[in-house]
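Shown next, in structure tokens, is the structure this report addresses.
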């Protein structure tokens, strides 16, 4: 898989975007210096900051809001994202789910668009997310996120899984849902995520399960 200089990960709550962001950072590290930036100011449960020590030990720079993982829980975005992008071969940006989370990305829209043609803004969806939604509702949220951050999604990521219970049949069963989203948006599926215990097909990206569900 080829990676652009900037990869923005957004999507619905429960879609697995943070787990994907961490996996992408590991994959990108094989091709050059890599940073992962957490601008999820909304979701208190799954944050890139939770993996700071592991990522740092593996040579990946981790940039998170002030107070992430503290009792204050009042994240402040005070980092120089332009310097971060410029000083790394690859930068992954993990954005909060929903339009509310995407407002934080809008703050950096003028910086990211300087790299037109060398960034991807990927929308992650999971047919099996905890709150059931239709393809139409999924696309509505995609457009709300675009409006909030004033940037356009460039590609889709189909991430069908039920955590540790994911099987090949579960992954394949989500194909129709993904096809509906493609038809509604006209966007390409950049790749499909599959767990490491399954054999990948062309267009699949194997992910290790880093993030655990709240009840696990």
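The figures follow:
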quantity: Test: residue 106 is farther than 22 Å from residue 209 by Cα and touching a helix residue (DSSP H, G or I) at 6+ places or on another chain (Cβ under 6 Å); calculated: yes
quantity: Selected residue [touching a helix residue (DSSP H, G or I) at 6+ places or on another chain (Cβ under 8 Å), buried (at least 19 other Cβ atoms within 10 Å of the Cβ) and farther than 14 Å from residue 13 by Cα] from 119, 115; calculated: 119
quantity: Total residues in segment 142-161, condition more than 16 Å from residue 182 (Cβ to Cβ) and surrounded by 22 or more Cβ atoms within 10 Å (Cβ to Cβ); calculated: 3
quantity: Conditions (1) within 22 Å of residue 6 (Cβ to Cβ); (2) buried (at least 20 other Cβ atoms within 10 Å of the Cβ); (3) out of contact with any helix residue (DSSP H, G or I) (no Cβ under 7 Å at 6 or more places or on another chain): number failed by residue 171; calculated: (1)
quantity: Some residue of segment 126-143 being modelled with pLDDT under 90, within 15 Å of the chain's Cα centre (by Cα) and under 17 Å from residue 37 (Cα atoms); calculated: no
quantity: Among the candidates 14, 117, 32, residue that is at pLDDT 95 or above, in a loop (DSSP other than H, G, I, E, B) and on the phi > 0 side of the Ramachandran plot; calculated: 32
quantity: Subset of segment 134-177 [closer than 18 Å to residue 193 by Cβ and touching a residue at least 60 places away in the same chain (Cβ under 8 Å)]; calculated: 138, 153, 157, 159, 161
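The values are calculated or read from the model by the stated rules, or taken from the named source; none is laboratory data. Remember, predicted model here, so these are calculated numbers, not experimental data. In this analysis, Cβ positions are derived from the backbone assuming ideal geometry, glycine residues included, and neighbour counts consider all displayed protein chains.
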